[in-house]
1. Along the Cα→Cβ direction, 7 angstrom out, place labels at Ser165 and Leu180. What is the inter-label distance in nm?
2. Mind checking which of Ser101, Asn143, Val13 is farthest towards the positive end of the range 2-183's charge dipole, using Cβ charges of +1 (Lys, Arg) and -1 (Asp, Glu) about the Cα centre?
3. May I ask you to evaluate 6.51 cos²θ - 1.76 cosθ + 1.60, the Karplus curve with θ = phi - 60°, for each residue of the range 193-209 and list the ³J(HN,Hα) values in order in whole Hz, giving x for glycine and proline?
4. Under a cut-off of 20 Å between alpha-carbon atoms, report the aspartates and glutamates in cross-link reach of Lys322, not counting same-chain residues fewer than 8 places apart.
5. Compute for the range 194-319: radius of gyration divided by Kirkwood radius, i.e. Rg/Rh, restricted to C-alpha atoms, rounded to two decimals.
6. How long are the semi-axes of the equivalent ellipsoid of the chain, defined as square roots of 5 times the Cα gyration tensor eigenvalues? Whole Å, largest first.
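Values quoted throughout were computed directly from the atomic coordinates according to the rules given, and no laboratory measurement underlies them. None of these values were measured; they are calculated from a predicted model. Please note: Cβ atoms are built from the backbone with ideal geometry, for glycine as well, and neighbour counts cover all protein chains shown.
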Amino acid sequence: MQRLAPALRQDNVPLDLIALIKTILAATKEISFRVSQAHLGGLMGSTLDENIQGEIQKKLDVVANELFKDILLESGFVKAISSEEEDSSVAGEQTGKYIVSFDPLDGSSNIDINSLIGTIFSIHEAPEHMEASNPDMFKQSGNRQVCAGYVLYGPSTMLVMTTGSGTHFYVLDRTHGGYLLVKRNVQVPEDTQEFAINMSNQRFWQEPMQNYINDLLAGDTGPRAKNFNMRWIAAMVGDIHRVLCRGGIFTYPADSRNAEQPYKLRLMYEANPMSFLIEQAGGLAMTSQGRIMDIEPSSIHQRVEVIMGSKNEVEACLGYYK
């Protein structure tokens, strides 16, 4: 099996970007250990604080965020970082070539039940003309990502990453402490009979999504003429990993619970990096209005609608909006 750095060099990834990726992965190895020891180390449960998203932080959220922030800012590779857990971006080195956005621990609600969680990250080149303290440098579309990935803390610790030359799977080999390439150029099947959606919100969805899901639930007696299974892990890293492994559609649609905040998922920390991975694997990553990675961000904590996965099924879903 091929180690990480040689695999990246094979894809002609610049050496400074390889060094930054290795820095990110050093943080994920420590987070993986902390996750595995959480019950023993007093890291279960919630803090008394809310993050900028208005969500109660888990103790592991805080630990993972601080690990990521510290190791990246000390590396010298980054001009600034932006985290789902931070109010604004945090300045690094003015001469840093890259900026990194990350969700340090996706799926926090799964921590206390020992279910799937993960880290999501996205890398852009830093604009040279902006000060390191200016959060506007993060207002770049997903098209300009130079790397995106996630690390899934499951039975094995798995890295899924793209630098624009396909989506590849790596597994952390604890015998030597490095990530090994286990599958190159993953491809999402174009057709599927699996969908992932939070059904508890069904009554709040727009009519097109209501109709689409109703037709899936009608199975082989409905207009789709085939049976579908629903899968829901409640952690985007887990649901997208299943799609990459065997196909499917994952969606978090707009809903009417809060007119000022109709969307759930964050563009920079979740939607853009996952879109890059899905598209590099032959899938589609859309909103009901267009391609996710074409969106020009208006703020670093912007939220968006998400419909992504197997190409033909995403197109079928979008057909309900026309």
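1. 2.2 nm
2. Result: Val13.
3. 10, 10, 9, 10, 7, 7, 5, 5, 9, 3, 5, 9, 6, 5, 4, x, 5
4. Those aspartates and glutamates meeting the cut-off are Glu207, Asp215, Asp255, Asp294, Glu305, Glu313.
5. Reported Rg/Rh, Kirkwood definition of Rh: 0.94.
6. Calculated on Cα positions only, the semi-axes equal 30, 22, 21 Å.
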